[in-house]
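*Asks:* Have a look at this one before I ask anything.
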Amino acid sequence: MERETLVTLLIMICGGMMLQLLALWPQRRPGGADPAARERQAWLALCRPAAPILVWAAWFIGWALLEPDPVRDPLDPYVIVSLWLPFGMLFGRAIIRAVWSLLRELPECGVSTFGLLQPQVAFSPFLARQLDEPVIRAALAHERAHARHRDPLRIWLGQLITDLQWPWPQAQWRLRTWLEALELARDEEARREGVDGTDLAAAMLASVRYVSDLTPHQRASLGGTQLAHARLVGDPESLRSRVSRLLAPLPPGPEAAPARAVRLHRSLVLSVVVLLAVVVLGAAFGQLIIRPLLALTT
Ligand SMILES: [Zn+2]
């Protein structure tokens with residue numbers, strides 16, 4: 001078997017197994033008064049179960065660096081059928097859904113942000129014609145906040161991570177909780193740029209009315225869970241609490257954005273260093289785990 005094929009199979013088996021186990025990890029609703037901090041907590045909780053895939057991948061890649069190619073007949077057929085097949089189907093389902101979310105037509109939802117690498121705001125001219133200028137500005141400020149944070153890409157990744165933990169409801173709950181926190185954070189960001197909360201609430205209610213006037217076929221396109229775009233109105237069930245927050249006075253400012261950016265940068269650097277260390281460990285000790293794991297012949 002080719003070395004790269006074996007590494008891919010091993011990542012899917014071990015990563016998939018860990019994902020399924022970690023999907024059951026109990027999660028608390030993010031706390032604190034700052035919507036941006038709650039959004040970060042919810043995002044980390046959503047992504048955390050996927051970390052083992054990166055660690056396993058780094059370990060196996062490290063091992064493969066010193067392994068001769070092709071690897072000498074390493075896999076027992078029983079291992080392929082009983083271990084890889086279910087995880088292969090799980091990965092295949094998640095990838096098909098992720099690709100479909102990119103290929104499908106953008107659902108008509110009035111105001112939304114789409115595009116993984118270069119996010120753009122889509123604003124229906126039919127909806128804009130019904131709104132006053134300050135209300136349009138408020139909706140655009142919310143969507144531009146989505147674009148600044150590359151939320152369509154993050155939503156797409158969050159959906160993919162959730163699909164890899166199918167069918168556990170805990171994973172769906174983490175995705176819903178994050179999407180809810182995300183909308184509150186973007187509302188707050190728009191208001192801190194000077195948008196009036198009342199205008200943003202008016203834009204949201206107008207967007208809900210716009211969607212309710214769509215044809216049944218157009219409304220059906222809003223369903224499903226294959227997400228790759230951000231909307232002005234996310235989960236309709238959270239609309240009441242969002243409007244209440246928008247009509248309340250803006251609370252004191254949170255931690256400065258540069259401080260958050262520095263912390264995020266440090267976390268990313270630390271993650272890369274840890275993964276490189278795992279690659280080195282995989283190169284040194286990889287076979288101690290991999291050979292017994294798959295009954296390799298030595
Ligand atoms: Zn939004």
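The values are calculated or read from the model by the stated rules, or taken from the named source; none is laboratory data. In this text the structure is predicted, and so the values were computed from the model without any measurement. Heads up, the Cβs are rebuilt from the backbone with ideal geometry, glycines too, and the neighbour counts pull from every protein chain shown. Quick note on the areas: whole protein, heavy atoms, side chains included, nothing else; ligands and nucleic acids left out. Shrake-Rupley method; radii C 1.70, N 1.55, O 1.52, S 1.80 Å.
*Asks:* At pLDDT 90 or above and surrounded by fewer than 17 Cβ atoms within 10 Å (Cβ to Cβ): is that true of R29 in this structure?
*Replies:* Criteria not met by R29.
*Asks:* Separate question: Go through (1) without any contact (Cβ under 8 Å) to a residue 12 or more places away in the chain; (2) in a helix (DSSP H, G or I) and name the single condition G32 misses.
*Replies:* (2)
*Asks:* Looking only at residues in the range 120-165 that are more than 16 Å from the ligand (Cβ to nearest atom) and of a type in the set (V, I, T), which one is least open to solvent (accessible area, probe 1.4 Å)?
*Replies:* Filtering first and then ranking leaves T162.
*Asks:* Yes or no: the range 226-247 includes at least one residue that is open to solvent by 40 Å² or more (accessible area, probe 1.4 Å), outside any helix (DSSP H, G or I) and modelled with pLDDT of 85 or more.
*Replies:* No - not one qualifying residue is present in the range 226-247.
*Asks:* Now, a different point. If a residue has to be within 12 Å of the ligand (Cβ to nearest atom) and more than 10 Å from L246 (Cβ to Cβ) to count, how many in the range 166-202 make the cut?
*Replies:* Of the residues in the range 166-202, 8 are within 12 Å of the ligand (Cβ to nearest atom) and more than 10 Å from L246 (Cβ to Cβ).
*Asks:* Tell me whether the range 140-155 contains one or more residues that are modelled with pLDDT of 95 or more and more than 22 Å from R40 (Cβ to Cβ).
*Replies:* yes
*Asks:* If you don't mind, there's one more thing I want to ask. Considering every residue within the range 9-20, establish whether at least one is without any contact (Cβ under 8 Å) to a residue 12 or more places away in the chain, closer than 26 Å to I61 by Cβ and open to solvent by 30 Å² or more (accessible area, probe 1.4 Å).
*Replies:* no
*Asks:* Under 6 Å by Cβ, and 6 or more places apart or on different chains, what pairs join a residue from the range 201-220 that is farther than 29 Å from E188 by Cβ with one that is at pLDDT 75 or above?
*Replies:* Q218/E108
*Asks:* Then there is this: What about V278, is it closer than 16 Å to V7 by Cα and at pLDDT 85 or above?
*Replies:* Criteria met by V278.
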